Amino acid sequence: MEPLIVFLALFGTVFGIAYVFLTTRNKERLALIEKGVDASLFATKGVKFSIAKFILNIALLFMGIGTGVFIGNYLAISLRMDEDVLIPSMLFIFGGLGLVVGFFITRSLEKSEE
């Protein structure tokens, strides 16, 4: 019963956020159109989505998570610390480091494309 409640709460939260975002964006655009603002304002400018960069970031995240589990387990064994605390902390630290490395690699790739 509890997993069903958690699933419904999670689904409701995601749906609520998406609904509020989309309706607010629609209302803002309609208000701008009524005021006579040029429609080219709505055209998205920026970096296009690249599946290669996405896969690179996901791969670096998973590599960081794997390294975090390995280092956390190693430290738990060698320092005889509680692995229930050490492994998740290393998992988040190295997962975050993987995302930071992915950000810098992606940024350098975008600069080299220009």
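The values are calculated or read from the model by the stated rules, or taken from the named source; none is laboratory data. Only a predicted model underlies this, so the values are computations on that prediction, with no experimental measurement involved. Here the Cβ is made from the backbone with ideal geometry for all residues, glycine too, and neighbour counts use every protein chain on show. Accessible surface is based on the protein model in full, side chains and every heavy atom, while ligands, DNA and RNA are left aside. Shrake-Rupley method; radii C 1.70, N 1.55, O 1.52, S 1.80 Å.
Tally the residues that are exposed (fewer than 14 other Cβ atoms within 10 Å of the Cβ) and in a helix (DSSP H, G or I), restricting the search to region 100-114.
The number of residues fulfilling the criteria is 10.
Against the definition (open to solvent by 100 Å² or more (accessible area, probe 1.4 Å), under 30 Å from ARG107 (Cα atoms), under 20 Å from the mean Cα position of the chain (by Cα) and modelled with pLDDT under 90), how does PHE21 come out, yes or no?
Judged against the criteria, PHE21 is not a match.
Taking the residues in region 24-79 that are of a type in the set (Ser, Thr, Tyr) and farther than 21 Å from LEU91 by Cβ as candidates, determine which candidate is least open to solvent (accessible area, probe 1.4 Å). Before you say what the answer is, go through the steps one by one.
Taking region 24-79 and keeping what is of a type in the set (Ser, Thr, Tyr), we get 24, 40, 44, 50, 67, 74, 78.
When the remaining residues are screened for being farther than 21 Å from LEU91 by Cβ, the result is 24, 40, 44, 50.
Numbers: THR24: 63, SER40: 68, THR44: 135, SER50: 37 Å².
Ranking the qualifying residues of region 24-79, first place goes to SER50.
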